[in-house]
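Let me begin by handing over the structure; questions about it come next.
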Amino acid sequence: MAIELVECSRMFYELERERAELIVELGEWPSGRLGFRPVAGAWSAVEVLDHVVRAEAGTIEDVRAGLRDPYALGDEGRPGIAALDRALRSDQSFKVPAGAEMILPDTQTTLAEIAGRWEAARADLRGVLEGLGPEDVRCGVFHHPFAGWMTVGDVLNHFSGHLYHHQFQLERLRISSVDLQVMDVR
């Protein structure tokens, strides 16, 4: 059964609460902690967040296109969506898949810049959701490379799972950088 419009609205506001809490939390970190990488090649907290925002913004663009040319979903089960959600809600590490380089983080970005882009992406998402009709929540609007076709509700749940997944990474960064003696030069 498809998620109804009211549920999409509830999910969006929950995503917004999660976003606001994370921005406040990271805003309290000293700049040295925000840029800390535990090993060469690892992502910093700012880069983790940049990846999340790039993934969301790109998906929102794809959803807009998908709403113009929706994929008719049948009664078939879609086990890939549940499998992806289980994977994202675990502490497993995953590599960005080949062909998705556009969601790799910018190593020179700042928390303020990312926060602004995230706010703009979420405003765009709000506009998409406000324009939905009942038929729009029952079709595939985004094709995930592993999970397959997703409805708008599936996409919102995916955003939540993706952010949840990267919370593990941010917590590891917070713990491993706790003893840093860094000056905050913001």
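The values are calculated or read from the model by the stated rules, or taken from the named source; none is laboratory data. Here the structure is a predicted model, which means the values were calculated and not measured. Every residue, glycine as well, gets a Cβ built from its backbone with ideal geometry; the counts of neighbours run over all protein chains shown.
Tell me which residues, restricted to segment 43-55, are touching a Gly at 6+ places or on another chain (Cβ under 7 Å) and part of a helix (DSSP H, G or I). Lay out the reasoning, then the answer.
The first filter runs over segment 43-55 and keeps only residues touching a Gly at 6+ places or on another chain (Cβ under 7 Å), leaving 44, 46.
Within segment 43-55, Val46 is the sole residue that qualifies.
Another one. Which of the numbered conditions does Ala123 fail, given that it passes all the others? Conditions: (1) among the hydrophobic types (A, V, I, L, M, F, W, C); (2) modelled with pLDDT of 95 or more; (3) buried (at least 17 other Cβ atoms within 10 Å of the Cβ).
Looking at each condition in turn, Ala123 falls short on (3).
Filter segment 1-42 down to residues that are touching a residue at least 60 places away in the same chain (Cβ under 8 Å), out of contact with any Gly (no Cβ under 8 Å at 6 or more places or on another chain) and not in a helix (DSSP H, G or I), then give me how many there are.
Qualifying residue count, segment 1-42: 5.
Out of Glu47, Glu21, Glu16, report the one residue that is loosely packed, with under 13 Cβ neighbours inside 10 Å and at pLDDT 95 or above.
Numbers: Glu47 fails: loosely packed, with under 13 Cβ neighbours inside 10 Å; Glu16 fails: loosely packed, with under 13 Cβ neighbours inside 10 Å.
Just one listed residue meets the conditions, Glu21.
Then there is this: If I ask for residues that are farther than 16 Å from Leu125 by Cβ and surrounded by 15 or more Cβ atoms within 10 Å (Cβ to Cβ), which ones from segment 1-13 would you list?
Initially, segment 1-13 is screened for residues farther than 16 Å from Leu125 by Cβ, giving 1-2, 4, 6.
Ala2, the sole residue that qualifies.
Rundown of residues vs (1) surrounded by fewer than 20 Cβ atoms within 10 Å (Cβ to Cβ); (2) over 29 Å from Gln108 (Cα atoms), yes/no style:
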position: Arg54; (1), (2): no, no
position: Asp62; (1), (2): yes, no
position: Gly66; (1), (2): no, yes
position: Gly74; (1), (2): yes, yes
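Please go through segment 26-43 and pick out each residue that is within 11 Å of Ser177 (Cα to Cα), surrounded by fewer than 19 Cβ atoms within 10 Å (Cβ to Cβ) and out of contact with any Ser or Thr (no Cβ under 7 Å at 6 or more places or on another chain).
If the condition is that a residue be within 11 Å of Ser177 (Cα to Cα), surrounded by fewer than 19 Cβ atoms within 10 Å (Cβ to Cβ) and out of contact with any Ser or Thr (no Cβ under 7 Å at 6 or more places or on another chain), then Pro30, Gly32 are the ones that fit.
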